[in-house]
1. Give, as a single signed number, the net charge of other residues whose beta carbon lies under 12 Å from the beta carbon of A240, with Lys and Arg counted +1 and Asp and Glu -1.
2. Rank these for me by crowding, L294, L192, going from fewest to most other beta carbons within 10 Å.
3. First select every other residue whose beta carbon is under 11 angstrom from the beta carbon of V313; then total the charges, Lys and Arg +1, Asp and Glu -1.
4. At a Cα cut-off below 18 Å, give the aspartates and glutamates reachable from K230, other chains included and same-chain residues fewer than 8 away excluded.
5. Full-extension gain between Q100 and L294, please, as 0.36 nm times their residue separation minus the C-alpha to C-alpha distance.
6. For the pair T123 and A206, how long in nm is the line joining their label points, each one 7 Å along Cα→Cβ?
7. What FRET efficiency comes out for D72 versus R150 if R0 is 22 angstrom and r is the Cβ-Cβ distance? Round to the nearest 0.05.
8. Checking the a/c ratio against 1.5 first, then a/b against b/c, what shape does the Cα gyration tensor give for region 273-317?
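Each value in this text was obtained by applying a stated rule to the coordinates, not by laboratory testing. Quick caveat, the model's predicted, so the values are computed rather than measured. Here the Cβ positions follow ideal geometry from the backbone for every residue, glycine too, while neighbour counts run over all protein chains shown.
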Amino acid sequence: MSKSKDAAFGDLLSGLEGQPEAAKAAGPDKRRKRKSSAAGAGSILLVDPAACRIWAGHNRSYGLLDEEACSDLIAGIRAQGCQEFPAIVREVQDGGADGQAYEVICGARRHFAVAWLRENGHTEMQFLVELRDLGDEEAFRLADVENRHRRDISDYERACSYAVALERYYGGTQSVMARRLEVSESWLSRRLALARLPEEIVAAYASIRDILEVHARQLAPLLSDPGVRKKVLAVARDMAAEKAEGTARTGAQVLAALLAPARPPAAELPAPKVYGPSAAAGIAAIPRGRKLVLEVPPEISRAEFDAAIREFVRDRFGDA
């Protein structure tokens with residue numbers, strides 16, 4: 001953790017206590033009674049990553065992490081010979097599973113990278129952590145501070161974590177949540193709208209990483225119209241079925257297909273009128289807006305051309 005970020009985290013945590021008005025507005029904190037740790041809050045520890053689990057409220061989908069997604073971090077830790085910045089953890093109070101003692105609040109990618117290295121020839125690697133004493137709402141805000149602007153967390157992952165937090169920590173009141181996170185209500189509302197996309201639409205995308213906040217904004221007007229909504233969801237179900245059969249689309253392609261039902265049908269072009277015995281031996285008059293375009297086939301003879309032109313002039317201007 002860089003000094004500047006650590007200072008920001010310190011400022012955040014120092015303000016978590018002694019704020020009766022904010023605490024009252026946010027409702028009761030989900031802080032649990034914690035057993036005293038031999039190491040103590042604030043301690044920096046080296047632990048086996050197997051002794052840690054990812055906190056259920058983490059704003060990253062751990063299942064999406066793989067060697068490719070963490071390649072930069074894996075390479076950096078391997079080159080350094082150790083993890084440089086500690087993850088933030090708290091003690092597990094329910095006993096954990098298989099001896100797990102800590103929950104990772106910030107640092108899921110670091111946890112994955114160290115665990116991967118230990119399984120791939122670097123058994124000496126240890127997971128560097130900083131132990132904190134945090135309640136759930138505090139942990140959520142701390143994770144949000146670290147990850148809000150990280151590009152390796154998808155818009156949809158972040159939006160879903162906000163939707164869960166809204167109900168769990170802020171009583172479903174967006175204004176309270178926005179104030180606690182120090183963001184505007186409109187900013188928060190756009191993220192929550194993304195998390196509320198219908199399951200059919202989410203399933204149409206190849207990956208939740210492809211679902212962007214701007215997609216929700218563009219789809220919102222369509223989904224608010226019952227008739228159009230039905231058509232959009234039908235398209236989404238078809239794409240989900242095709243995805244299951246192996247047809248992959250980019251996020252932009254999925255969005256374009258979902259928006260298609262709201263587009264007005266293309267106006268049919270008027271049929272051209274042919275002057276002469278046939279299209280090959282005549283002239284086609286084609287309307288183009290306020291103009292009339294005459295198409296002359298290259299194989300037409302002079303006699304056929306003259307006859308077709310005379311026919312066109314009579315039809316257009318009448319007999320002389």
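1. In short, -2.
2. L294, L192
3. The answer is -1.
4. Candidates past the 8-residue exclusion: E199, E200, D238.
5. Residue separation times 0.36 nm, minus the Cα-Cα distance, leaves 61.8 nm.
6. 3.9 nm
7. Efficiency for this residue pair is about 0.95.
8. oblate
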